[in-house]
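Structure, as structure tokens:
The values are calculated or read from the model by the stated rules, or taken from the named source; none is laboratory data. Please read these numbers as outputs of a predicted model, since none were measured by experiment. Quick reminder, even Gly has a Cβ in these numbers, built from the backbone with ideal geometry, and neighbours come from all protein chains shown.
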Amino acid sequence: MAEGPTHSPIPWETLEALLHRVQKPARYVGGEFNAVIKDWDAMPLHVCLAFPDLYELGMSNFALQIFYDLLNRRSDTLAERAYLPAPDMNAALRAAHLPLYTLESYRPVAAFDLLAISTAYEQLYTNLLEFLDLAGLPVESTARDERHPLVIGGGHGAFNPEPLADFVDAFVIGEGEAVLEELVTALLAIPAADRETQLDALVALPGVYVPRRYRPIYAADGRFQALEPRDAHTPARITKRILPQLPPTPVRQLVPNVDTVHNRAVIELQRGCSNGCRFCQAGIITRPIRERPPAEVLADVRAVTDATGYEEVALLSLSSADYTDIAALLEALQTAYASEHISFSLPSLRLDAFSVELADALSQGRRSGFTFAPEAATDALRARINKNIRTETVLEVAEMVFTRGWRTVKLYFMIGLPGESDEDVQEIVELAHQILRIGRQARGRKVEVHVSVNTFVPKPHTVFQWEPLADEETVLRRQAILQQGLRARGLRLAWHDYAESQLEALLARGDRRLAPVVKRAWELGARFDAWDEWRNPAAWEQAIAESGLDVAAYVGRRYAISEPLPWEHLDSGVNLRYLQEDYMRSQRGELLPDCRVQCHGCGILQHYASLQEECWQCPTRP
């Protein structure tokens with residue numbers, strides 16, 4: 001990319017003059033322990049890794065740490081980071097006519113060849129536009145050319161990226177580590193190419209989706225019909241990329257300047273989940289399960305703690321208790337590091353006695369709060385969502401937790417689930433009171449039960465992708481049941497505003513017609529949609545009203561199981577037939593056992609034949 005005044009680093013003295021005006025200036029100075037500084041002129045390829053939200057969230061995103069490590073290991077590539085500033089720093093940059101810059105070199109984001117930006121969840125979409133605009137880049141991809149960075153998105157939101165189709169040049173579908181080598185090689189081969197040639201190179205890469213090369217087709221009644229490739233060289237379907245084995249753990253992990261959401265070392269214990277919860281998108285799109293070998297985990301703990309100074313290590317997984325021989329691994333870790341006072345945490349545990357024993361072994365006498373997620377309060381509704389736990393077990397686990405010294409239990413539930421009734425919601429109240437009574441019997445009156453309730457949002461590629469979002473009247477009525485029933489001392493209730501859930505559902509299920517709505521909402525002031533203090537629902541309401549789109553047609557309608565969906569051109573590796581069959585099982589309230597116990601033929605291992613011998617070995621795999 002050609003050098004010029006707008007591509008030179010911003011002088012430190014210029015930035016320093018702004019920092020006394022903003023809260024938490026340490027977010028914007030860089031210089032973190034283990035940050036990588038490379039010679040710009042010696043590197044043929046310059047990559048900006050971006051998380052379009054606050055530093056505290058972006059620094060806690062482990063995917064960014066992985067890519068930062070992999071890219072900076074290369075001798076031909078430089079990778080730096082940028083996050084979206086808080087509104088005060090945003091305003092200060094704009095007032096000073098300064099662009100968004102990276103933390104390593106203070107070089108403008110617009111100077112980079114590739115901008116790899118996270119599309120991890122729907123509430124980031126207006127932030128993405130704000131990020132591009134603050135960087136001095138046109139927000140619409142057709143307005144950018146080879147003088148601008150290629151903008152590539154990835155993450156869970158990429159499994160239905162249509163609401164962002166006008167703004168992002170390409171999306172990596174699946175695991176970015178699997179396509180990284182090919183992507184870098186392709187970009188190095190065409191350093192001075194025009195934008196269309198660059199897009200040609202991306203279209204040729206398996207697992208990369210270039211929205212501009214597809215044309216949406218709608219029926220006469222306005223319903224989505226298909227995405228049609230614009231030429232013979234563009235594939236009709238994009239199959240997700242996947243790694244046979246987990247990538248190497250980043251050893252020299254970045255240590256943040258301010259306290260972050262997850263301020264600790266991280267080792268990815270396993271990827272994928274075998275529980276098959278029907279509402280869970282992550283459980284589908286991260287299949288199959290791949291485990292990091294215990295010996296590698298032990299070695300990684302030593303390397304990472306030596307390189308960072310962290311005294312806490314999180315063993316990351318969607319379901320940590322399902323890791324093979326997890327108890328033996330934890331015993332080995334605690335034995336090896338007992339004298340160094342290194343503690344370990346498992347962010348995601350099952351609701352069973354085994355998980356309580358694991359948490360007890362890890363707690364080392366600290367009892368801040370025990371968290372588990374029944375999701376529903378009745379056996380019948382849990383069977384519909386394939387949450388294989390009975391109420392009597394929930395109560396037994398609660399008794400174990402209080403007996404072993406915890407004084408606070410945090411419960412996560414959903415309302416608006418398919419097949420739910422008001423009576424099911426009332427059972428949440430009854431269950432919370434039962435658990436509170438158990439706690440008081442075991443620990444006295446100082447115990448607390450915290451109940452957090454989300455509204456179910458149907459997500460693409462899940463068994464419940466055809467289900468509607470519950471209507472506002474129903475959700476408000478059920479929230480009122482909870483608010484009325486959980487007023488007792490020792491009980492706390494948290495819930496989400498319906499407008500938040502509706503927006504999430506709209507963007508999750510949206511087709512390409514949502515892209516202008518996202519842009520208009522951003523123009524009207526929408527950003528930081530996940531933050532209560534900055535959310536701007538009026539901007540979204542106006543943008544939707546101006547568009548003339550029927551929100552209910554996107555979020556409030558049960559889709560026919562055979563109708564085309566806006567994300568069907570993106571293949572998660574799980575057969576549509578399997579999702580349809582499991583959807584029908586949910587209607588009958590049938591449970592499926594954990595797929596480590598019995599293979600249900602979702603298709604993921606057959607889809608990726610190369611994984612058959614390399615990834616986790618299903619004992620009943622075909």
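Residue by residue, here is whether (1) in a strand (DSSP E or B); (2) touching a helix residue (DSSP H, G or I) at 6+ places or on another chain (Cβ under 8 Å); (3) buried (at least 20 other Cβ atoms within 10 Å of the Cβ) holds:
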| site | (1), (2), (3) |
| --- | --- |
| L188 | no, no, no |
| D221 | no, no, no |
| D231 | no, yes, no |
| Q245 | no, no, no |
| P250 | no, yes, yes |
| Q253 | no, yes, yes |
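Going residue by residue through segment 25-38, is there one that turns out to be part of a strand (DSSP E or B), within 24 Å of the chain's Cα centre (by Cα), among the basic types (K, R) and buried (at least 16 other Cβ atoms within 10 Å of the Cβ)? Scanning segment 25-38, I find no residue that is part of a strand (DSSP E or B), within 24 Å of the chain's Cα centre (by Cα), among the basic types (K, R) and buried (at least 16 other Cβ atoms within 10 Å of the Cβ), so the answer is no. W534 passes every criterion in (1) in a helix (DSSP H, G or I); (2) surrounded by fewer than 19 Cβ atoms within 10 Å (Cβ to Cβ) apart from (1).
Tell me, please, whether a residue that is surrounded by 14 or more Cβ atoms within 10 Å (Cβ to Cβ) and part of a helix (DSSP H, G or I) can be found in segment 339-352. No, segment 339-352 contains no residue that is surrounded by 14 or more Cβ atoms within 10 Å (Cβ to Cβ) and part of a helix (DSSP H, G or I). Scanning segment 566-585 for residues that are among the hydrophobic types (A, V, I, L, M, F, W, C) and buried (at least 18 other Cβ atoms within 10 Å of the Cβ) yields a count of 4. None of I267, I285 is touching a Gly at 6+ places or on another chain (Cβ under 8 Å) and surrounded by 15 or more Cβ atoms within 10 Å (Cβ to Cβ) except I285. Considering only residues that are of a type in the set (D, E, K, R) and more than 25 Å from V517 (Cβ to Cβ), look in segment 88-128 and name the one that is farthest from the chain's Cα centre (by Cα). The extreme case among them is R107. I389: in contact with an Asp or Glu (Cβ under 9 Å, 6 or more places away or on another chain), under 16 Å from C277 (Cβ atoms) and crowded, with 22+ Cβ neighbours inside 10 Å, yes or no? No; evaluated as a whole, the condition is false for this residue.
When A526 is tested against the conditions (1) surrounded by fewer than 20 Cβ atoms within 10 Å (Cβ to Cβ); (2) in a loop (DSSP other than H, G, I, E, B); (3) in contact with a Lys or Arg (Cβ under 9 Å, 6 or more places away or on another chain); (4) in contact (Cβ under 8 Å) with a residue 60 or more places away in the chain, the lone failure is (1). Can you spot a residue in segment 464-477 that is part of a helix (DSSP H, G or I), out of contact with any Cys (no Cβ under 8 Å at 6 or more places or on another chain), small (G, A, S) and over 19 Å from A373 (Cα atoms)? No, the conditions are met nowhere in segment 464-477. For segment 482-523, the candidate set comprises residues that are of a type in the set (K, R) and assigned to a helix (DSSP H, G or I); within that set, the residue that is nearest to F159 (Cα to Cα) is R509. For G174, the requirement of being in contact with a strand residue (DSSP E or B) (Cβ under 7 Å, 6 or more places away or on another chain) and small (G, A, S) is met. Being in contact with a helix residue (DSSP H, G or I) (Cβ under 7 Å, 6 or more places away or on another chain) and at pLDDT below 95 is a description that does not apply to N263.
A Cβ distance below 8 Å, combined with a sequence gap of six or more or placement on separate chains, defines the contacts here; from segment 574-585, residues that are in contact (Cβ under 8 Å) with a residue 40 or more places away in the chain reach no residue that is of a type in the set (K, R) and in a helix (DSSP H, G or I). The set of residues from segment 315-338 being among the small types (G, A, S) and surrounded by fewer than 20 Cβ atoms within 10 Å (Cβ to Cβ) comprises A321, A327, A328, A332, A336, A338. Being in contact with a strand residue (DSSP E or B) (Cβ under 9 Å, 6 or more places away or on another chain), among the aromatic types (F, W, Y) and closer than 20 Å to A530 by Cβ is a property that F112 lacks.
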